[in-house]
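Since the structure comes first, as structure tokens, the remarks are kept for the end.
The values are calculated or read from the model by the stated rules, or taken from the named source; none is laboratory data. Remember, it's a predicted structure, so these values are computed and weren't measured experimentally. Quick reminder, even Gly has a Cβ in these numbers, built from the backbone with ideal geometry, and neighbours come from all protein chains shown.
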Amino acid sequence: MKEIAENLKAVRERIATAARKAGRNRADITLVAVSKMQGAEAVRSAYEAGHRVFGENYAQELEEKSRMLPGDIEWHFIGALQSNKVKKVLYVSSMIHSVDRLSLAKEIDKRAEESVRILIEVNIGGEATKSGSSEGETMMLLEQISSLPNIIVCGLMTMPPFFDDPDRARPYFAKLRELKNKLEKSTGLNLPHLSMGMTGDFEAAIEEGATIVRVGTAIFGARH
Ligand SMILES: *Cc1c(COP(=O)(O)O)cnc(C)c1O
């Protein structure tokens, strides 16, 4: 598991380099280590290497891992979320990245005992197979969700279409940034976060304004 510590260090260095290249402050970028389908011992290795922010995709898996691992871990829920699983993820997650419909937001609002930080997931590539609100729907959804008393909308999240060449993902990252700017202007809301960029393209995402990158494979290796 020494490998995980080394991978983590390499990813951190790549983030710092990308930030520098883009003239951005490294401190404005959060690395979410995506540990889905990796064992608790893999998470523990990253934890022991000093990492505290992890991302999970499945409610059951998050619940089990969070019970086995230290309480100062900051868990981000990044997977597709069914309304009947909201209760499971709500109390463990410090941010839910994948809110893509009003009914889900309402369920979160109803179950919440304190303010919940969320991101609106946008299907920026307009792919039929991907979740996320369409670009055109996002304004309305943002207005509706931000009026719910227990929800704080912190920004937008996206998963662009998959490309081998990260430069091809770049226009989608730019599009999400432009959408965020447009929404802030027309709603007056403050949307500080852009969650975008994974193993194959996080440097391009940082150059296009990501404040949160979600990296799994480059840290933990292939998923089992
Ligand atoms: C799995 C996953 C990631 C991490 O993907 P890698 O390519 O392994 O870095 C990031 N975001 C989401 C939403 C994921 O499901």
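In table form, for the structure just shown:
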| quantity | calculated |
| --- | --- |
| Residue in region 163-190 that is surrounded by the most Cβ atoms within 10 Å (Cβ to Cβ), counting only those that are under 13 Å from ILE124 (Cβ atoms) and of a type in the set (Gly, Ala, Ser) | ALA169 |
| In region 62-73, residue farthest from GLY132 (Cα to Cα) [restricted to those that are in contact with a Lys or Arg (Cβ under 7 Å, 6 or more places away or on another chain) and surrounded by 15 or more Cβ atoms within 10 Å (Cβ to Cβ)] | LEU69 |
| Candidate set from region 196-218 (those that are within 8 Å of the ligand (Cβ to nearest atom) and either touching a Leu at 6+ places or on another chain (Cβ under 8 Å) or not charged (D, E, K, R) (or both)); member that is farthest from ARG26 (Cα to Cα) | THR217 |
| Hey, HIS76 touching a His at 6+ places or on another chain (Cβ under 8 Å) and within 24 Å of HIS193 (Cβ to Cβ) or not | yes |
| Selection status of THR187, β-branched (Val, Ile, Thr) and within 15 Å of the ligand (Cβ to nearest atom) | no |
| Failed item, numbered, when SER103 is tested on (1) away from the ligand (no atom under 16 Å from the Cβ); (2) among the hydroxyl-bearing types (Ser, Thr, Tyr); (3) touching a residue at least 40 places away in the same chain (Cβ under 8 Å) | (3) |
| Close pairs from region 197-224: first in contact (Cβ under 8 Å) with a residue 12 or more places away in the chain and among the acidic types (Asp, Glu), partner outside any helix (DSSP H, G or I) and more than 8 Å from the ligand (Cβ to nearest atom), Cβ under 7 Å, at least 6 apart | ASP201/ALA169; GLU207/ALA22 |
| Matching residues, region 122-153, being touching a residue at least 24 places away in the same chain (Cβ under 8 Å), away from the ligand (no atom under 16 Å from the Cβ) and among the hydrophobic types (A, V, I, L, M, F, W, C) | MET139, LEU141, LEU142, ILE145, LEU148, ILE151, ILE152, VAL153 |
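Residue by residue, here is whether (1) at pLDDT 95 or above; (2) within 17 Å of the chain's Cα centre (by Cα) holds:
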| site | (1), (2) |
| --- | --- |
| ALA105 | yes, yes |
| VAL122 | yes, yes |
| LYS130 | no, yes |
| SER133 | yes, yes |
| GLN144 | yes, no |
| LEU176 | yes, yes |
| SER195 | yes, yes |
| THR199 | yes, yes |
| ILE206 | yes, yes |
